[in-house]
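*Asks:* What follows is a structure written as structure tokens; I'll ask about it next.
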Amino acid sequence: MSYTDITRRCLEASLRAGRSPGSVHLIAVSKVQPDARVRDVLAAGHRLFGENYVQEAQAKWPAFRAEFGPVSVHLIGPLQTNKAKAAVELFDAIHSLDRPALAEKLARLAQARGACPQLFVQVNTGEEPQKAGVLPADLDAFVATVRAMDLPVHGLMCIPPEGEASTPHFVQLAEMAARNGLTGLSMGMSGDFEAAIAQGATHVRVGSAIFGARSVQ
Ligand SMILES: *Cc1c(COP(=O)(O)O)cnc(C)c1O
């Protein structure tokens, strides 16, 4: 099963990098996958998943959690401010914090709930106009703004540009995290998760290499 292969490759990459295997979390990205494939990975014992869409996750995870017990689900896709409330109720982490208005909304919700999902700031390391994320030049100020709202930031996330070598983006993200005192690094997908682990990824987001190709994006 691909799931077994990917967990083994994560473990080997961690050891090659001289890191403890427990320092790398494999997020199985289950967006738009058939339930049967997700159930197989749950049955294999995996308990950390990633989703891109609030509505899809709302339709899927309450039932799986009822069946399999506690499962961590991370939002890795963009979050609209009007879905923030549903998102904090459903997700254990949000990897796509990328603008002050969303931070303000999350801070208000965290105050009211007395709890907040783990937060990653998404950085547009490739400075691609169509891509979400804070620009590298704006990152330090954005992290300071979010912290001033009493909102804890755990780490940074990036999606390197397609068709470019990923490693320079991973190196850049790790540097930005270190200088901001952040320990979480969400980077690496099916094609480059081993390279990301070599550069210090704490969370790799792997979809198709575990579940097979998605029929829709
Ligand atoms: C879909 C997605 C992934 C997983 O991509 P694969 O190439 O299938 O591993 C990882 N991160 C984000 C943000 C995604 O949207």
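*Asks:* If ligands, DNA and RNA are left out, what is the accessible area of GLU67 with a 1.4 Å probe, given in Å² to the nearest 10?
*Replies:* 100
*Asks:* Which helices of the chain meet both criteria: a Cα extent of 27 Å or more along the helical axis and a mean Kyte-Doolittle score no lower than 0.5, with helices taken as whole DSSP H segments? Kindly include the intermediate steps, with their values, before the conclusion.
*Replies:* Details: long enough: none.
For the chain, where a helix must reach 27 Å along its axis and average at least 0.5, there are no hits.
*Asks:* For labels at VAL171 and LYS131 in the simple 7 Å Cα→Cβ model, what's the distance in nm?
*Replies:* Taking the two extended label points, one gets 1.7 nm.
*Asks:* So if R0 is 25 Å, what FRET efficiency would ALA144 and THR81 give, r being the distance between their Cβ atoms, rounded to the nearest 0.05?
*Replies:* Calculated transfer efficiency: 0.75.
*Asks:* Around TYR3, what is the net charge, scoring Lys/Arg as +1 and Asp/Glu as -1 over all other residues with Cβ under 14 Å from its Cβ? Display every interim value, and only then the final one.
*Replies:* Working: positive: ARG8, ARG9, ARG37, ARG39, ARG47; negative: ASP5, ASP40.
Once positives and negatives cancel, what remains is +3.
*Asks:* Now, a different point. Given the DSSP H assignment, sum -39500 (n - 2.57) over each helix run of at least 4 residues in the chain and divide by its residue total; what's the result at 222 nm in deg cm²/dmol, nearest 500? Mind dumping the intermediate values first?
*Replies:* Values: 9 runs with 93 residues, N = 217.
That calculation yields -12500 deg cm²/dmol at 222 nm.
*Asks:* Using a basic spin-label model with each label point 7 Å from the Cα along Cα→Cβ, how many nm lie between ARG65 and ARG214?
*Replies:* 2.2
*Asks:* Using only the heavy atoms of the protein chains and a 1.4 Å probe, how would TYR53, TYR3 rank by accessible area, largest first?
*Replies:* My answer, sorted largest first, is TYR53, TYR3.
*Asks:* Please name whichever of ALA63, SER30, VAL204 sits farthest to the positive end of the charge dipole of the range 3-211, dipole taken about the Cα centre and charges placed at Cβ: Lys and Arg +1, Asp and Glu -1.
*Replies:* Final value for the positive-end residue is ALA63.
*Asks:* Could you tell me the number of lysine pairs in the range 6-147 with C-alpha atoms less than 22 Å from each other, where the two lysines are 8 or more residues apart or belong to different chains?
*Replies:* Lysine pairs, 8 or more places apart or on different chains, close enough: 10.
*Asks:* Roughly how many debye, to the nearest 20, is the charge dipole of the range 3-211 about its Cα centre, given +1 on each Lys and Arg Cβ, -1 on each Asp and Glu Cβ, and no other charges?
*Replies:* Dipole of the range 3-211, to the nearest 20 debye: 560 debye.
*Asks:* Report the full-extension gain for the segment ASP35 to THR4: residue separation times 0.36 nm, less the Cα-Cα distance, to one decimal in nm.
*Replies:* Roughly 9.3 nm would be gained on extension.
*Asks:* Something else about it: What translational diffusion coefficient, to the nearest whole µm²/s, does the range 3-211 have by Stokes-Einstein, given a Kirkwood radius computed over alpha-carbon pairs, a temperature of 25 °C and 0.890 mPa s viscosity?
*Replies:* Working: Rh = 17.3 Å.
The diffusion coefficient I find is 142 µm²/s.
*Asks:* How large is log10 I(q)/I(0) at q = 0.09, 0.20, 0.24 Å⁻¹ when the Debye formula is applied to the Cα atoms of the range 117-217, each weighted equally and without solvent?
*Replies:* Cα-only, vacuum Debye calculation for the range 117-217: -0.22, -1.00, -1.31.
*Asks:* Quick one: which residues, 5+ away or cross-chain, put their amide H under 5 Å from the amide H of ALA17? H built at 1.01 Å from N.
*Replies:* none
*Asks:* What number comes out for the charge environment of ALA44, summing +1 per Lys or Arg and -1 per Asp or Glu over other residues with Cβ under 13 Å away?
*Replies:* +2
*Asks:* Just round it to a whole percent: the fraction of Cα-Cα distances in the range 1-120 exceeding 24 Å.
*Replies:* 34
The values are calculated or read from the model by the stated rules, or taken from the named source; none is laboratory data. From a predicted model like this one, the values you see are computed outputs, not experimental measurements. Backbone-built Cβ (ideal geometry, glycine too); neighbour counts: all protein chains shown. Note: areas computed on protein heavy atoms with side chains; ligands, DNA, RNA excluded. Shrake-Rupley method; radii C 1.70, N 1.55, O 1.52, S 1.80 Å.
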